[in-house]
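Participant: This is the structure I want to talk about, given as structure tokens.
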Amino acid sequence: MLKIIDLHAKINEKEILKGINLEIKAGEVHAIMGPNGSGKSTLAAVLAGREIFNVTKGEIIFNGKNLLEMPPEDRARAGIFLGFQYPIEIPGVSMVSFMKTAVNEARKYKNLPPYSSSDFLKLMREKIALVEIDSKLTNRSVNEGFSGGEKKKNEIFQMAMLEPTLAILDETDSGLDIDALKIVSNGVNKLKNKDNATIIITHYQRLLDYIVPDFVHVLYNGKIVKSSGKELAFELEEKGYDWIKNEKL
Amino acid sequence: MPEVVEKKDIMSTYLKLFNENIDKISVASSPIINKFRNSAIQDFEKKDIPSKKNENYKYLDLKTAFDNKYNYYFNQSRIQVNLDEVFRCDVPEMDTESIILINGWYGDKINKLQKIEGKAIIGSLLEAAKQYPDLFEKYYSKSKNLEKESLVSLNTAFAADGIFFYVPDNVVLEKPIQIINLLISEEDTFAQPRNLFVIGKNSQAKIIICDHTLSASKFLSNSVLEVFQEENSVFDIYNLQNEHNGASKVASVFFNQNTKSKLLSNIITLHGGVVRNNVYVNIDGEHCESNLYGLYLSDKWQNVDNYTYISHNKPNCTSNQFYKGILDDASIGAFNGKIYVSRDAQKTSAYQANNNILLTNDAKINSKPQLEIYADDVKCSHGATSGQIDENALFYLRSRGISEKEARFLLLYAFTNEIIKEIKVEVLRDRINNLVDKRLRGELTRCNSCVINCC
Ligand SMILES: Nc1ncnc2c1ncn2[C@@H]1O[C@H](COP(=O)(O)OP(=O)(O)OP(=O)(O)O)[C@@H](O)[C@H]1O
Ligand SMILES: [Mg+2]
């Protein structure tokens, strides 16, 4: 589904991704861990099409398409979803008109007619129930005044609405209480199937108890320095990152 | 200095226009209006048309607007506008009678004054001066601060007609009243409507003024509105400015607030080549509230300039100003807001905010607060921002599959919402939302049910 080959990216002349290689198949869950500032969010943003990052080398192939040639909106319509580490507040844009526009643009891309208002509201209600988000939040402006945890739940709600093929969840677990963590993990698990895939960026092994990964990768200083099964997460939890750094040196 | 000579030339055109027509104007008018004319024209001559040298007009080009040969209607115009055919504005699902001004003259030649809900009076200013001389004389040209604007003197010198609106004491008008202010002529035309509104003690009213141009000629309009709010009155006024870009307008409004009165003014500028709004609020009683809002969306070479002057003369009053603008292409905007708090006006709260989005490097906004505060127990704040569209928000929307164009639109629309949501008349709010939507999408801002070409 996704193939990243020797990806290099810069911001302001500073190289942040220094040759990433990663392959993800349908049905898989990949966890990416790594110290602060190692480039995890940068990788996620580059996948989603953030233009402030300058890709200097490498390729990203997504379901046969050259992702790097596509603007962010086309990537989203083709099935990529980024759950933001820091979701943006957009005062004055209501959640309803935001999601309605997003869902209908995706339908247009697939040559489907837009949802009628009543069909759309029905879909909203279904997804609200699925991810157990407070329906009051969906009556407000996008993320405006949402608590940290509410913002994260709202990301999962949007993911449920858009049903992506590849979801990249950037620290969706940070700032969630135990109950919220279960709710969010449940949502992700319910949306999982054999045709889609998930990349989970996290610092905590705890999340991986709920969403069990097939692979765990360690991103360090712009490169994936170790890939293994889910047991790697336990090892990291126990020993931290130093041993990997040392192993590399 | 050749520029000065040239300017004197422009001025002499208007003095000549006055001298040649003063007899004709006076004969048709009322002595109450006539008695201000001579001193007004002298005042205008002394002060001149405001130029960029005037600190308060620094960013506005009025010279080009005034330097043109205009036709002037000294009588109620012969132009017949068949409203059923041309203008079927259904915003006022509120009141059946729409009040019309054509080139500054009251539109209805037969019913020059009409009753509203059986109690209030609305109609021709000239007719009101004749029919209700005592009432008229009590208020006409009595606003504070009139002398601050030379163009108000020009209006006073020529004043012929406009809208008179009177709500007696203890009358609450349920429905908003719409005034349609039309400019229509085959020739370039200069119009100077003069309006006078009085809202009696404990009374309440809402007015909507829609400014339109109905023909492609150049227009210059120099309007004056005086509003007197008696004790405990509530007045809401909305002005939708939608003239074509060959039109220039200076609209000066003077609010005079008495004790415990509440004012809401909201000026929405969608189109118009040169637009200058002067809003003067004179607070002359305690426990008053004044809310001034404004929204301007400009592009091409538009020049939109908002000036406010709030004078707090009595204690315990609150004023609140909130103006927002989106400027595209090479348009130039200005917001100049002055807050004056006199020594006696303790416990004044005065707030001012002006936020702008500039869509190009050529678009410019000049935002300048001016505070003059002589009382010590005062809460005052002001803030001005100008910036581009928030790139993080733009990316967030695009990452959900919303096209860049649509995402920009959503963000701009959201930006305008803070002003539009302050429109308390629901049908009008919906309509303006719709017009702003079209304006931001670059479509004609014509009301759906309106057959005329606004711009
Ligand atoms: N807009 C930017 N301008 C300059 N440097 C940036 C910018 N964005 C990211 N960086 C730098 O790139 C590096 C990688 O940042 P990134 O956010 O990808 O790290 P991360 O692995 O997600 O860290 P964390 O675990 O703290 O979320 C950091 O050194 C960061 O300071
Ligand atoms: Mg990060």
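The values are calculated or read from the model by the stated rules, or taken from the named source; none is laboratory data. Here the structure is a predicted model, which is why all the values come from computation and not from measurement. No Cβ is skipped: glycine too gets one built from the backbone with ideal geometry, and neighbour counts run over all protein chains shown. All accessible areas refer to the heavy atoms of the entire protein, side chains included, with ligands and DNA or RNA removed. Shrake-Rupley method; radii C 1.70, N 1.55, O 1.52, S 1.80 Å.
Participant: Which value in deg cm²/dmol, rounded to the nearest 500, describes the helix-derived mean residue ellipticity at 222 nm for the protein assembly as shown, given -39,500 (n - 2.57) per DSSP H run of n ≥ 4 and division by the residue count?
Facilitator: After summing the helix terms and dividing by the residues of the protein assembly as shown, the value is -9000 deg cm²/dmol.
Participant: Related question: For a 24 Å ceiling on Cα separation, which of these pairs sit above it: A:10/A:226; B:142/B:338; B:112/B:421?
Facilitator: B:112/B:421
Participant: Next up: What distance in nm separates the simple spin-label points at residue B:28 and residue B:53, each placed 7 Å from Cα in the Cβ direction?
Facilitator: Reported label-point gap for residue B:28 and residue B:53 is 3.5 nm.
Participant: Determine which lysines satisfy two conditions relative to residue B:115: a Cα distance under 21 Å, and not lying fewer than 8 residues away in the same chain.
Facilitator: B:130, B:138, B:175, B:201, B:206
Participant: Set the Förster radius R0 to 22 Å, insert the Cβ-Cβ distance between residue B:390 and residue B:329 as r into 1/(1 + (r/R0)^6), and round the FRET efficiency to 0.05.
Facilitator: Computed FRET efficiency for residue B:390 and residue B:329 comes out at 0.60.
Participant: While we're on this one: Grab the alpha carbons of chain A, take their convex hull, and tell me the volume per residue in Å³.
Facilitator: Residue-normalised Cα hull volume stands at 125 Å³.
Participant: Taking all protein chains as present, what is the carbon and sulfur share of the accessible area of chain A, in % to the nearest whole number, probe 1.4 Å?
Facilitator: 48
Participant: So which residues of the range B:398-430 lose at least 30 Å² of accessible area, probe 1.4 Å, when you go from the chain by itself to every protein chain present?
Facilitator: B:398, B:399, B:400, B:401, B:402, B:403, B:410, B:414
Participant: If r is the Cβ-Cβ distance from residue A:246 to residue A:3 and R0 is 41 Å, what FRET efficiency results, to the nearest 0.05?
Facilitator: After rounding, the FRET efficiency stands at 0.85.
Participant: Something else: Have a look at the DSSP beta bridges in the range A:2-239 and tell me what percent are antiparallel, nearest 5.
Facilitator: DSSP beta bridges in the range A:2-239 are roughly 60 percent antiparallel.
Participant: For the range B:243-287 and the range B:196-237, what is the centre-to-centre distance using only Cα atoms, to the nearest Å?
Facilitator: Each part's Cα centre sits 8 Å from the other's.
Participant: Considering only DSSP beta bridges with both partners in the range B:2-388, what is the antiparallel share in %, to the nearest 5?
Facilitator: If we restrict to bridges inside the range B:2-388, about 5 percent are antiparallel.
Participant: Okay, next question. Taking every eigenvalue of the Cα gyration tensor of the protein assembly as shown, multiplying by 5 and rooting it, what semi-axes result, largest first, whole Å?
Facilitator: Here the semi-axes work out to 61, 25, 24 Å.
Participant: Can you give me the % of accessible surface on the range B:2-388 that is carbon or sulfur? Probe 1.4 Å, all protein chains present, nothing else counted.
Facilitator: 48
Participant: Which of B:367, B:179, B:212 sits closest to the plus end of the dipole of the range B:2-388, meaning its Cα is farthest towards the positive end, when Lys and Arg get +1 and Asp and Glu get -1 on the C-beta?
Facilitator: Farthest towards the positive pole: B:367.
Participant: Related question: Using 7 Å Cα-to-Cβ label points, what is the residue A:179/residue A:61 separation (nm, one decimal)?
Facilitator: The modelled label-to-label distance comes out at 4.8 nm.
Participant: Tally the DSSP beta bridges in the protein assembly as shown and give the antiparallel ones as a percent, rounded to 5.
Facilitator: 20
Participant: Return the long-range amide H neighbours of residue B:249 (sequence gap of 5 or more, or a different chain), with a cut-off of under 5 Å between placed amide H atoms.
Facilitator: Close amide H contacts, sequence-distant or interchain: B:221, B:274, B:275, B:276.
Participant: Rounded, prolate or oblate: pick one for the range A:63-176, where a ≥ b ≥ c are the square roots of the eigenvalues of its C-alpha gyration tensor, a/c under 1.5 means rounded, and failing that, prolate if a/b is larger than b/c, else oblate.
Facilitator: Oblate, because a/c is 1.5 or more while a/b does not exceed b/c.
Participant: If the chain between residue B:115 and residue B:63 were fully stretched, how many nm would it gain, using 0.36 nm times the residue separation less the Cα-Cα distance?
Facilitator: 14.6 nm is the gain from fully extending residue B:115 to residue B:63.
Participant: Please work out the C-alpha center-to-center distance from the range B:303-375 to the range B:97-120 and express it in whole Å.
Facilitator: The distance from the Cα centre of the range B:303-375 to that of the range B:97-120 comes to 34 Å.
Participant: Could you work out the local net charge near residue B:139, counting Lys and Arg as +1, Asp and Glu as -1, over the other residues with Cβ closer than 13 Å to its Cβ?
Facilitator: 0
Participant: So which residues in the range A:65-95 end up with at least 20 square angstrom less accessible surface once the other protein chains are there, compared with the chain by itself, probe 1.4 angstrom?
Facilitator: Residues meeting the cut-off: A:72, A:73, A:76, A:77, A:84, A:88, A:90, A:92, A:93.
Participant: Measuring from a point 7 Å past the Cα of residue A:190 along Cα-to-C-beta, which residues in the range A:100-136 have an amide N at less than 14 Å?
Facilitator: Answer for the range A:100-136: A:123-135.
Participant: Using only protein heavy atoms and a 1.4 angstrom probe, determine the accessible area buried between A and B, summed over both sides, in Å² to the nearest 100.
Facilitator: 2000
Participant: In addition: Provide the per residue accessible area, probe 1.4 Å, for the protein assembly as shown, rounded to a whole number of square angstrom.
Facilitator: 41
Participant: Could you calculate the FRET efficiency of residue A:163 with residue B:362 from 1/(1 + (r/R0)^6), where r is the beta carbon distance between them and R0 is 51 Å, rounded to 0.05?
Facilitator: 0.75
Participant: What does the charge count around residue A:204 come to, taking other residues whose C-beta lies under 12 Å from its C-beta (Lys +1, Arg +1, Asp -1, Glu -1)?
Facilitator: -3
Participant: Starting from the Cα-Cα distance between residue B:12 and residue B:188, subtract it from 0.36 nm times their residue separation and give me the gain in nm to one decimal.
Facilitator: That works out to 61.5 nm of additional length.
Participant: Sticking with this one: Using amide H atoms built in the peptide plane, which far-off residues or other-chain residues are under 5 Å from residue B:295 H to H?
Facilitator: Here B:267, B:268, B:269, B:324 satisfy the definition.
Participant: What are the extents of the Cα atoms of chain B along their three principal axes, in Å, largest first?
Facilitator: Computed over the Cα atoms, the extents are 69, 55, 52 Å.
Participant: If amide H atoms are built 1.01 Å from N in the plane of the peptide, which residues on other chains or at least 5 residues away come under 5 Å of the amide H of residue B:370?
Facilitator: B:337, B:338, B:339
Participant: For residue B:21 paired with residue B:175, estimate the spin-label separation in nm (one decimal), with each label point 7 Å from Cα along the Cα-to-Cβ line.
Facilitator: 3.5
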